[in-house]
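The structure appears right after this line, and notes come after that.
The values are calculated or read from the model by the stated rules, or taken from the named source; none is laboratory data. All values derive from a computational prediction rather than experimental measurement. Every residue, glycine as well, gets a Cβ built from its backbone with ideal geometry; the counts of neighbours run over all protein chains shown. Only protein heavy atoms, including side chains, enter the accessible area calculation; ligands, DNA and RNA are left aside. Shrake-Rupley method; radii C 1.70, N 1.55, O 1.52, S 1.80 Å.
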Amino acid sequence: MAWTRQGGFPEQICVGVLLIVLCLYTVTVTEGALKQEGVLESGSALINHSMVLVQRLEALLIHGNSSDVALRVQTANSDEVKVIQAHALVLSLQSEVFEDLLQSRNSSILTLREAPECAAVFEKFIRYLYCGEISLRLEQAVPLHKLASKYRVSALQHGLSVYMTQHLVSDSPGGHVVSWYHYATQTGDVTLRDSCLQYLAWNLSSVLHSREWGSLSEELLLSLMQRSDLILHSELELYEALEAWIAQNQPGSPTIESALRAIRYGMIPPQQLFRLQKQSPLMMKYYESVRDLLFLAFQFHSASPLQLAKYFDVNCSIFTPRNYLSPAWGSQWVINNPTRDDRSTSFQTQLGPSGHDATKKVTWNALFSPRWLPLSVRSAYTDSGAMQATRAATSDGAGRPRIIVTPATSSADFAGVSFQKTVIVAARQQGKAVVRHVYNFHQSTEETGDFLADADLQRRASEYLIDSSLYLHIVIKPLYHSLIVARK
């Protein structure tokens, strides 16, 4: 793009620029008025040439015609200077910050100092002010957002936040979600921050094995490790990833101790706990910091949960599972052509993570229906205990997907235990399989009412489908309850 510099300009030229800009805004207002009239009068019509005016404004910027201000963009510790011929009226209309700067200037040159990454995209930013559109790459999102924030261009600021929220899945050499999270935290963008945090939590198993894991700040690491909605293969996988993060980042002892105490040792089998005690350099060095938690974990594995609940608070995090993808905790379920008919499946999980219950299994039946299935309608079971799929012929909520997960039998072993059921829905976004939704069942219910409420499974290109199939993963999480408070 060629930028030319010109000096002062006659008043009639500035008036000409004013008329062009006002024409643009007049067309916009007129267009709205005509649309309103079109609703009232069926014979009215709309003639829209607004894009021609946008193109003429862009041409003014490109060629520098009728420019009355030169933007001189400097970067710190660099001799590089960019000069952009612009128009004070356009800048003032789009940015109150520019309006103030232009009113206080002493010449036709306005000097601006920007960070190198912001200076590199400054032409894009100015073009947006003229044309109302912008093309960008992942690495340009934050610098552009900084410029939009600095010059208070709220529409662009919001648009870039939405762009980043929608491109968390995109590939980049070193990853970008962590850096976007830190930027959102710094700027107070709560929506972007929470979206980044949710993406990291729901796709943690893949994040743990990426370059991005090592770039986590101490604050973000500890924040993630406190969450129960993490989706990963096992708690041991998280411990091993923590070892790698500590080796790479070398944090202080307080951070290491806090992170180690956030590991849920009760969810790690006792054989693996013994191995960590004897073979993990990190565990051996900081053993005293977590000795009480390890002792409690071994007690948990050696006694029945019912007996343990009489003397310990089993509602604490060490006994609360996360969303583990290993077979002991649930099963993947791929449903081909999910709108065709009802489907059912059966799978087994452990009764609980306690070593005392290691050999006890629970059989679960799951039913998926692409149509409404009221709570009053229940599927029958065959003699073998498998769930018989049925069709629900109801008009209320017809076409809405529904899923039910129930234990095949009841058992005295269930005393003091309730089961949290979680259904994870995967989807393909920008060529990658990621977690699209997570649905949690209330402990006392068999189905989740909002399951795939917004999904259009009829479309082959639906974002909820991978190769025309619905990819689910059902996780069963046993939760223990304190029954008796022991006397002191």
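Against the condition farther than 20 Å from HIS473 by Cβ, of a type outside the set (D, E, K, R) and out of contact with any Cys (no Cβ under 9 Å at 6 or more places or on another chain), how does ASN315 come out, does it pass? Quick ask: steps written out before the conclusion?
Working: farther than 20 Å from HIS473 by Cβ: yes; of a type outside the set (D, E, K, R): yes; out of contact with any Cys (no Cβ under 9 Å at 6 or more places or on another chain): yes.
When the stated conditions are applied, ASN315 passes them.
Determine if region 268-282 includes at least one residue that is among the hydrophobic types (A, V, I, L, M, F, W, C) and either within 30 Å of ARG402 (Cβ to Cβ) or free of Cβ contacts under 8 Å to residues at least 12 places away in the same chain (or both).
So the first thing to find is which residues in region 268-282 are among the hydrophobic types (A, V, I, L, M, F, W, C), and the list is 268, 273-274, 276, 282.
Subsequent filtering for residues that are either within 30 Å of ARG402 (Cβ to Cβ) or free of Cβ contacts under 8 Å to residues at least 12 places away in the same chain (or both) retains 274.
Within region 268-282, one or more residues are among the hydrophobic types (A, V, I, L, M, F, W, C) and either within 30 Å of ARG402 (Cβ to Cβ) or free of Cβ contacts under 8 Å to residues at least 12 places away in the same chain (or both).
Out of region 176-194, which residues are open to solvent by less than 60 Å² (accessible area, probe 1.4 Å) and within 14 Å of GLN140 (Cα to Cα)? Give the steps one after another, and end with the answer.
Pass one, region 176-194, residues open to solvent by less than 60 Å² (accessible area, probe 1.4 Å): 176-178, 180-184, 188-189, 192.
Selection gives HIS176, VAL177, TRP180, TYR183.
Counting just the residues of region 96-145 that are in a loop (DSSP other than H, G, I, E, B) and closer than 24 Å to PRO173 by Cβ, which one comes out least open to solvent (accessible area, probe 1.4 Å)?
Residues of region 96-145 that are in a loop (DSSP other than H, G, I, E, B), as a first pass: 104-108, 115, 120-121, 132-137.
From what is left, the residues that are closer than 24 Å to PRO173 by Cβ are 115, 120-121, 134-137.
Values: ALA115: 39, ALA120: 65, VAL121: 6, ILE134: 49, SER135: 79, LEU136: 44, ARG137: 133 Å².
Checking each candidate, the answer is VAL121.
Go through (1) β-branched (Val, Ile, Thr); (2) in contact with a helix residue (DSSP H, G or I) (Cβ under 7 Å, 6 or more places away or on another chain); (3) open to solvent by 10 Å² or more (accessible area, probe 1.4 Å) for VAL162 and report which single condition fails.
All conditions are met except number (2).
If you scan region 208-243, which residues turn out to be more than 18 Å from MET267 (Cβ to Cβ) and among the charged types (D, E, K, R)?
ARG211, GLU212, GLU218, GLU219
Just to verify a result, which residue in region 450-488, among those that are among the β-branched types (Val, Ile, Thr) and over 15 Å from ALA366 (Cβ atoms), is modelled with the highest pLDDT?
Looking only at region 450-488, we keep the residues that are among the β-branched types (Val, Ile, Thr), and these are 466, 474-476, 484-485.
From the residues that got through so far, the ones that are over 15 Å from ALA366 (Cβ atoms) too are 466, 484-485.
Numbers: ILE466: 88, ILE484: 43, VAL485: 46.
Among residues in region 450-488 that are among the β-branched types (Val, Ile, Thr) and over 15 Å from ALA366 (Cβ atoms), the one modelled with the highest pLDDT is ILE466.
From (1) open to solvent by 10 Å² or more (accessible area, probe 1.4 Å); (2) at pLDDT below 95, pick out the condition that doesn't hold for VAL169.
(1)
Considering only residues of region 316-361 that are in contact with a His (Cβ under 7 Å, 6 or more places away or on another chain) and over 30 Å from LEU452 (Cα atoms), which is least open to solvent (accessible area, probe 1.4 Å)?
Residue satisfying both the conditions and the ranking: SER354.
Does ARG193 satisfy the condition of being of a type in the set (Lys, Arg), out of contact with any Cys (no Cβ under 7 Å at 6 or more places or on another chain) and in a loop (DSSP other than H, G, I, E, B)? Explain how you work it out, then say what you get.
On the way: of a type in the set (Lys, Arg): yes; out of contact with any Cys (no Cβ under 7 Å at 6 or more places or on another chain): yes; in a loop (DSSP other than H, G, I, E, B): no.
Answer is no for this residue.
Please give the number of the condition LEU46 fails out of (1) touching a residue at least 24 places away in the same chain (Cβ under 8 Å); (2) touching a Lys or Arg at 6+ places or on another chain (Cβ under 8 Å); (3) open to solvent by 70 Å² or more (accessible area, probe 1.4 Å).
If we test LEU46 against (1) touching a residue at least 24 places away in the same chain (Cβ under 8 Å); (2) touching a Lys or Arg at 6+ places or on another chain (Cβ under 8 Å); (3) open to solvent by 70 Å² or more (accessible area, probe 1.4 Å), just (1) comes out false.
Has region 271-290 got at least one residue that is assigned to a helix (DSSP H, G or I) and within 26 Å of VAL438 (Cα to Cα)?
The first filter runs over region 271-290 and keeps only residues assigned to a helix (DSSP H, G or I), leaving 271-279, 281-285, 287-290.
When the remaining residues are screened for being within 26 Å of VAL438 (Cα to Cα), the result is none.
No, that holds for no residue.
So, in region 94-111, of the ones that are in contact with a Phe, Trp or Tyr (Cβ under 8 Å, 6 or more places away or on another chain) and of a type outside the set (Val, Ile, Thr), which residue ends up nearest to SER154 (Cα to Cα)? Before the answer, list the steps.
The first filter runs over region 94-111 and keeps only residues in contact with a Phe, Trp or Tyr (Cβ under 8 Å, 6 or more places away or on another chain), leaving 95, 97-98.
Now drop any that are not of a type outside the set (Val, Ile, Thr), which leaves 95, 98.
Numbers: SER95: 9, PHE98: 13 Å.
Going through the qualifying residues, I end up with SER95.
List the residue pairs whose Cβ atoms are under 6 Å apart, where the first residue sits in region 74-86 and is without any contact (Cβ under 8 Å) to a residue 12 or more places away in the chain, the second is open to solvent by less than 60 Å² (accessible area, probe 1.4 Å) and outside any loop (DSSP other than H, G, I, E, B), and the two are 6 or more positions apart or on different chains.
VAL81/GLN74
So for region 250-267 (the condition being surrounded by 14 or more Cβ atoms within 10 Å (Cβ to Cβ), of a type in the set (Val, Ile, Thr) and assigned to a helix (DSSP H, G or I)), does at least one residue qualify? Write out each step before concluding.
From region 250-267, those surrounded by 14 or more Cβ atoms within 10 Å (Cβ to Cβ) are 251, 255-267; that's our starting set.
Going one step further and asking which of them are of a type in the set (Val, Ile, Thr), we end up with 255-256, 263.
Filter again for assigned to a helix (DSSP H, G or I), leaving 255-256.
Yes, the conditions are met somewhere in region 250-267.
Cβ-Cβ distance below 6 Å, separation of 6 or more or different chains: which pairs start in region 142-161 with a residue that is farther than 16 Å from ASP100 by Cβ and end on one that is hydroxyl-bearing (Ser, Thr, Tyr)?
VAL142/TYR183; LEU156/TYR128; GLN157/SER149
Among residues belonging to region 61-95 that are part of a strand (DSSP E or B) and aliphatic (A, V, I, L, M), point out the one that is surrounded by the fewest Cβ atoms within 10 Å (Cβ to Cβ).
For region 61-95, the residue satisfying everything is VAL81.
Looking at region 333-349, I want the residues that are closer than 20 Å to SER462 by Cα and have a partner that is among the polar types (S, T, N, Q) and assigned to a loop (DSSP other than H, G, I, E, B) with Cβ atoms under 6 Å, at least 6 apart or on another chain. Which pairs are those?
Correct list of pairs: THR339/GLN458.
So is ALA155 open to solvent by 60 Å² or more (accessible area, probe 1.4 Å), of a type outside the set (Phe, Trp, Tyr) and under 20 Å from SER95 (Cβ atoms) or not? Working first, answer last.
Values: open to solvent by 60 Å² or more (accessible area, probe 1.4 Å): yes; of a type outside the set (Phe, Trp, Tyr): yes; under 20 Å from SER95 (Cβ atoms): yes.
Judged against the criteria, ALA155 is a match.
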